[in-house]
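Below you'll find the structure, written out as structure tokens, and then a few comments.
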Amino acid sequence: MWPNAGVKMKNKVLETLYEKKGEYVLVDEIAQELEIPESSVREHIKSLINEGYAVESSSNKEFKLDEELTLILPHKLKNQLSTSYIGKEIHYFREVDSTNEVAKRLAKEGADEGVVVIAESQKRGKGRHGKPWISPLGGAWMSIILRPDTLPINAPQLTFTAGVAAADTIKEEYGLDVGIKWPNDILIENKKVCGILTELSTEINAIDYIITGIGIDANVDLELLPPELREHTTSLKRELEEDISRMLLVKKFLENFEKMYDEFNRGNFSNILNKWRKYSKTIGRNVEIRKGTGFIRGEAVGVNNEGALILELDDGSLKKIISGECRHID
Ligand code: BTN
């Protein structure tokens, strides 16, 4: 079972502090609400502080969460953003099913290009290949509405565009050595720290809108992930051994993304792909690509101009892979 009962209760204490929006809350009030002894509340608060949550106390009887350090504050983010259209309108939620779904609804209602949806947590976060994306508090979960003037066939290129923007952000801001697993998993030493899900809506061979969803395990407590994910996942907090400001992370990402997306719109996808190639952890490796129930193995020898992976099979022939789940096998 995961997460264990202690972690669940600690999260409930955290939720209670969140709900009070930066006001002091009495320990005995939390204890009564959660039906646990005051001593347990104090223990949970102690471990939240150890994890880097900005929990303060005036006396030892009441505590509050410093929102500025802990939450992504949308108004502040908007004021600090130096973009010209990405994130000029931000829809911010404490919790949603999936930011991609919210963005889709907004796009259907006619929202402009560049509208961003951010949530502190997602109940039904979506990953690639229909997998769930576990999205507890502490992550950066966001979706961007795009309306590029290009053919639907070029939509996967936006995944590369977002991937390079995410890799640049993590490398430049935190000095971490990041790589990309084809097509778009951002890795730190072979562990995934960020995933990208691009969803497309078309109308008679034209793009109506694209939703690019980005999930970064920023301050995610890895204990909150199921064990089978935990061994292949890392977080920025785990790598840096301290909490990061997710507001700064989101700001830098959106700024880098706008630069890359402008490059894409100027028809310079080859520049983006060249950057991607420098980050690639897949080219030169033996890989297994899964699609549905089938799979194919080979050596990844390159990506072509559309971003398709080129595999050299055992018989020496080359195979172009447009989509699928990639696993490094050596
Ligand atoms: C992957 O499987 O690697 C893609 C994960 C994408 C997760 C992000 S989190 C924000 C956005 N909303 C979702 O439901 N999914 C994406």
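The values are calculated or read from the model by the stated rules, or taken from the named source; none is laboratory data. Predicted, not measured: the structure shown is a model, and the values here were computed from it. No Cβ is skipped: glycine too gets one built from the backbone with ideal geometry, and neighbour counts run over all protein chains shown. What goes into the accessible areas is simple: the full protein's heavy atoms, side chains included, and nothing from ligands, DNA or RNA. Shrake-Rupley method; radii C 1.70, N 1.55, O 1.52, S 1.80 Å.
Some points to look at:
- Some residue of segment 250-259 being over 17 Å from the mean Cα position of the chain (by Cα) and in a loop (DSSP other than H, G, I, E, B): no
- Every pair of residues 6+ apart whose Cβ atoms lie under 7 Å, when the first sits in segment 134-149 and is within 24 Å of Tyr261 (Cβ to Cβ) while the second is of a type in the set (Ser, Thr, Tyr) and within 11 Å of the ligand (Cβ to nearest atom): Ser135/Ser121; Trp141/Thr99; Trp141/Ser135; Met142/Thr99; Ser143/Thr99; Ser143/Thr212; Ile144/Thr212; Leu146/Thr212
- Against the list (1) open to solvent by 60 Å² or more (accessible area, probe 1.4 Å); (2) out of contact with any Pro (no Cβ under 8 Å at 6 or more places or on another chain); (3) among the hydroxyl-bearing types (Ser, Thr, Tyr), the condition Tyr92 fails is (2).
- Ile322 being without any contact (Cβ under 8 Å) to a residue 60 or more places away in the chain and surrounded by 13 or more Cβ atoms within 10 Å (Cβ to Cβ): no
- Selection status of Ile296, open to solvent by 10 Å² or more (accessible area, probe 1.4 Å), of a type in the set (A, V, I, L, M) and without any contact (Cβ under 8 Å) to a residue 40 or more places away in the chain: yes
- Restricting segment 207-242 to residues that are more than 16 Å from the chain's Cα centre (by Cα) and not charged (D, E, K, R), the residue that is surrounded by the fewest Cβ atoms within 10 Å (Cβ to Cβ): Pro227
- Within segment 275-293, tally of residues that are closer than 23 Å to Lys192 by Cβ and open to solvent by 20 Å² or more (accessible area, probe 1.4 Å): 13
- Residues of segment 206-259 that are among the small types (Gly, Ala, Ser), within 13 Å of Tyr174 (Cα to Cα) and at pLDDT 95 or above: Ala218, Ser235.
- Filtering segment 100-126 to residues that are within 11 Å of the ligand (Cβ to nearest atom) and more than 19 Å from Lys252 (Cα to Cα) leaves Asn100, Glu101, Val102, Ala103, Lys104, Ser121, Gln122, Lys123, Arg124, Gly125, Lys126.
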